[in-house]
Amino acid sequence: MVFTLANPWSPQAEAVRSLKSSILMAKTKQSSLVILVVSSTAGEGKTMLSVNLASVLAEHAETCLLDADIRRPRAASTLGLLPENGLKDVLVQAFLWNGR
């Protein structure tokens, strides 16, 4: 659930907006920024944080959310999307296209 959109005044949404502010204040003069959300085990909220953080960052600038979890990709389904290709498909296609 994208709670930053569904319930923008919730404490959780405010926490994500606070994180966004901290990230943007720490950003140097670079025009782009890469954020990696990881954890050691499943079920710790990586997808939920990533989707909601991308949502609030998109209010500020162009934002690209890449779900690199090959075993359990869930960002698309959290957003209500049904992707035709996953990251694994794209990487295999790129590998084949390069003639390897």
Exercise for the section: Within the stretch 38-51, track down each residue that is without any contact (Cβ under 8 Å) to a residue 12 or more places away in the chain and open to solvent by less than 60 Å² (accessible area, probe 1.4 Å). Expected result: Ser39, Gly45
Problem - Positions within the stretch 38-56 being modelled with pLDDT of 95 or more and hydrophobic (A, V, I, L, M, F, W, C), in sequence order - result: Met48, Leu49, Val51, Leu53, Ala54, Val56
Exercise for the section: All but one of (1) open to solvent by 60 Å² or more (accessible area, probe 1.4 Å); (2) at pLDDT 95 or above; (3) within 9 Å of the chain's Cα centre (by Cα) hold for Ile35, so report the exception by its number. Expected result: (2)
Handout entry: The listed residue being over 17 Å from the mean Cα position of the chain (by Cα) and either open to solvent by less than 100 Å² (accessible area, probe 1.4 Å) or among the acidic types (Asp, Glu) (or both), out of Glu84, Glu62
Key = Glu84
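The values are calculated or read from the model by the stated rules, or taken from the named source; none is laboratory data. Values in this document were obtained by computation on a predicted structure and should not be read as measured data. Cβ atoms come from the backbone with ideal geometry, glycine included; neighbour counts cover every protein chain shown. For accessibility, only protein heavy atoms count, side chains too; no ligands or nucleic acids. Shrake-Rupley method; radii C 1.70, N 1.55, O 1.52, S 1.80 Å.
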